[in-house]
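The values are calculated or read from the model by the stated rules, or taken from the named source; none is laboratory data. Here the structure is a predicted model, which is why all the values come from computation and not from measurement. Ideal geometry is used to build each Cβ from the backbone, glycine not excepted, and the neighbour counts take in all protein chains shown. What goes into the accessible areas is simple: the full protein's heavy atoms, side chains included, and nothing from ligands, DNA or RNA. Shrake-Rupley method; radii C 1.70, N 1.55, O 1.52, S 1.80 Å.
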Amino acid sequence: MKELSLNILDIAQNSIHAEAGFVEILLTETAESLKLEIKDDGRGMSEEFLNRVTDPFSTTRTTRKVGMGLPLLKLAAEQTGGYMTITSRERALYPETHGTEVTAFFYKTHLDFTPLGDVISTVVSLVQGSPEVDFLYRHTMPGREVELDTRMLREVLGDVPLSSPDVLMWIRESLTEQYYGEAEQSE
Amino acid sequence: MKSLEELKAIRERMQNKVILREGSAEKRIVVGMATCGIAAGARPVLNTFVEEIANRGLTGSVEVSQTGCIGMCRFEPIVEVFEGDERVTYVLIDPAKAKEIVEKHIVGGKPIVEYTIGAAEK
């Protein structure tokens, strides 16, 4: 992937396929590093599946939806000297606390660090594709924070879908404003 | 921070309109957004369709949605346009071609044959 934000879009789709109702995308950045966490309350994975989920060649047709996504993220993290971990609690065994957490750690100073890229378009694409799912996006940088919580938006919007064009534009402008100050269009 | 007042205004505006039910649109544009599609450039294609449909005021009659991998990864980004029982499959689409599809196919009613899978496989 050319941008980490594309890996984020891809991995968050796994959460949606796993029937998550709430997906958190958390980015924590320092001068040297970037930590990405994607947490969901979806159906989770069995221990057996979890053990082979980062092996692209173990994927069978019935499990194709996981496919190359995690191996690509793992590669992107490891090629900077970082790592990727996954923990998961299967719904059958953990009826209250099921879900999956993917954590990837990157050294930004490494030559092979893939830039974050257009993360705003990633958030807009996720909300557009799954307006019934709630997303918390939070990017913590030294001294500042960018955040979007669709639960708050939903409270104000009532039954107006989050995928309405005006709402998507509001989300894009809100994030653009938080990242760059005065609103300007991107992508 | 963008104000929640603006969101409230959106709600007021939208409540006066009939909210589109899923599946009720006349035309559907479906963009492949699996790993293969995303890696090949599907995200800006999707966003181009969403913006073009909104800007042309077609939100009520054209639905833009996302799908997974349909097994033809080398042709991604793949875009399918559904209208009634008809389906047109476009391959190797970029934002410029997406704009053209909206203009000529969605608005003009004429599929762009050279961007279809049939043309690509020749």
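This table checks each residue for (1) surrounded by 15 or more Cβ atoms within 10 Å (Cβ to Cβ); (2) in contact with a Lys or Arg (Cβ under 9 Å, 6 or more places away or on another chain); (3) modelled with pLDDT of 95 or more.
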position	(1), (2), (3)
A:His98	yes, yes, yes
A:Thr103	yes, yes, yes
A:Phe113	yes, no, yes
A:Glu145	no, yes, yes
A:Arg154	yes, no, yes
A:Ser163	yes, no, no
A:Met169	yes, no, no
Take the range B:70-118 and flag every residue that is of a type in the set (Phe, Trp, Tyr), in contact with a Lys or Arg (Cβ under 7 Å, 6 or more places away or on another chain) and within 18 Å of B:Val50 (Cα to Cα). B:Phe82
Name every residue in the range B:58-67 that is at pLDDT 90 or above and either within 8 Å of another protein chain (Cβ to nearest Cβ) or on the phi > 0 side of the Ramachandran plot (or both), in order of residue number. B:Val64, B:Ser65, B:Gln66
Tally, over the range B:27-46, of residues that are at the interface with chain A (Cβ under 7 Å from one of its Cβ atoms) and surrounded by fewer than 24 Cβ atoms within 10 Å (Cβ to Cβ): 2
Scope the range A:93-142; condition among the acidic types (Asp, Glu) and either away from chain B (no Cβ under 14 Å) or assigned to a strand (DSSP E or B) (or both); matching residues: A:Glu96, A:Glu101, A:Asp112, A:Asp134
Can you tell me which residue is modelled with the highest pLDDT among those in the range A:24-63 that are among the polar types (S, T, N, Q) and closer than 20 Å to A:Leu75 by Cβ? A:Ser33
Out of the range B:47-65, which residues are under 14 Å from B:Val107 (Cα atoms), in a helix (DSSP H, G or I), open to solvent by less than 20 Å² (accessible area, probe 1.4 Å) and of a type outside the set (Phe, Trp, Tyr)? B:Ile53
Collect the residues in the range B:70-115 that are assigned to a helix (DSSP H, G or I), aromatic (Phe, Trp, Tyr) and out of contact with any Leu (no Cβ under 7 Å at 6 or more places or on another chain), keeping them in residue-number order. B:Tyr115
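Quick check: is even one residue across the range A:52-75 within 23 Å of A:Pro142 (Cα to Cα), open to solvent by 40 Å² or more (accessible area, probe 1.4 Å), in contact with a Ser or Thr (Cβ under 8 Å, 6 or more places away or on another chain) and away from every other protein chain (no Cβ under 14 Å)?
The answer is no; no qualifying residue exists.
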